[in-house]
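I have placed the structure first, in the form of structure tokens, so that the comments after it can refer back to it.
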Amino acid sequence: MSKTEDERNSAGKVLDLLDALAGCAVNGASNGALAKGLELSPSTVTVLMRSLIGKGWARKDDTTGHFHPTPKMGRVFGRVLADISKAEQQIADLKHNFTRNA
């Protein structure tokens, strides 16, 4: 186990794994590639991926064995963008209310 792996908590490892998966939507990523790229042991990647699959954040391609993100990831990011858009509209409304001629 590398020093980097020892220093990261489980939540940090999962977030790093999600970040890595986000760039592998088309071709997926193998356990070994994820382990190497994140400096984790392959067994750690297996355990984390099992959790992500169980929660619907990832899937495993039975043909290639590669892991892929699921649409759930995109939906979450879409909600973030929608919330930002809502805040932008609220700010625009405030600006309009303060700058209109009464």
Out of the residues in the range 78-102 that are part of a helix (DSSP H, G or I) and of a type in the set (A, V, I, L, M), state the one that is nearest to Leu18 (Cα to Cα).
Val80
Within the range 67-77, does at least one residue satisfy the condition of being at negative phi, in a helix (DSSP H, G or I) and touching a helix residue (DSSP H, G or I) at 6+ places or on another chain (Cβ under 7 Å)?
yes
Given the conditions (1) at pLDDT below 95; (2) in contact with a Pro (Cβ under 9 Å, 6 or more places away or on another chain), which single one is not true for Lys95?
(2)
Log entry, pairs with first residue in the range 66-85 being free of Cβ contacts under 8 Å to residues at least 60 places away in the same chain, second being loosely packed, with under 10 Cβ neighbours inside 10 Å, beta carbons closer than 9 Å, six or more apart or on different chains, reads His68/Val26
Residues of the range 53-66 satisfying the condition of being among the aliphatic types (A, V, I, L, M) and in a helix (DSSP H, G or I):
Ile53
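A quick yes/no check of all residues on (1) at pLDDT below 95; (2) closer than 22 Å to Leu15 by Cα; (3) among the hydrophobic types (A, V, I, L, M, F, W, C):
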position	(1), (2), (3)
Lys36	no, yes, no
Pro42	no, yes, no
Phe67	no, yes, yes
Asp83	yes, yes, no
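Identify all residues within the range 36-52 that are assigned to a helix (DSSP H, G or I) and either among the charged types (D, E, K, R) or under 16 Å from the mean Cα position of the chain (by Cα) (or both); write none if there are none.
Initially, the range 36-52 is screened for residues assigned to a helix (DSSP H, G or I), giving 36-38, 42-52.
Correct list: Lys36, Gly37, Leu38, Val45, Leu48, Met49, Arg50, Ser51, Leu52.
The values are calculated or read from the model by the stated rules, or taken from the named source; none is laboratory data. As the structure is a prediction and not an experimental result, all values here were calculated from the model. Cβ coordinates were reconstructed from backbone atoms using ideal geometry, including for glycine residues, and neighbour counts include every protein chain displayed.
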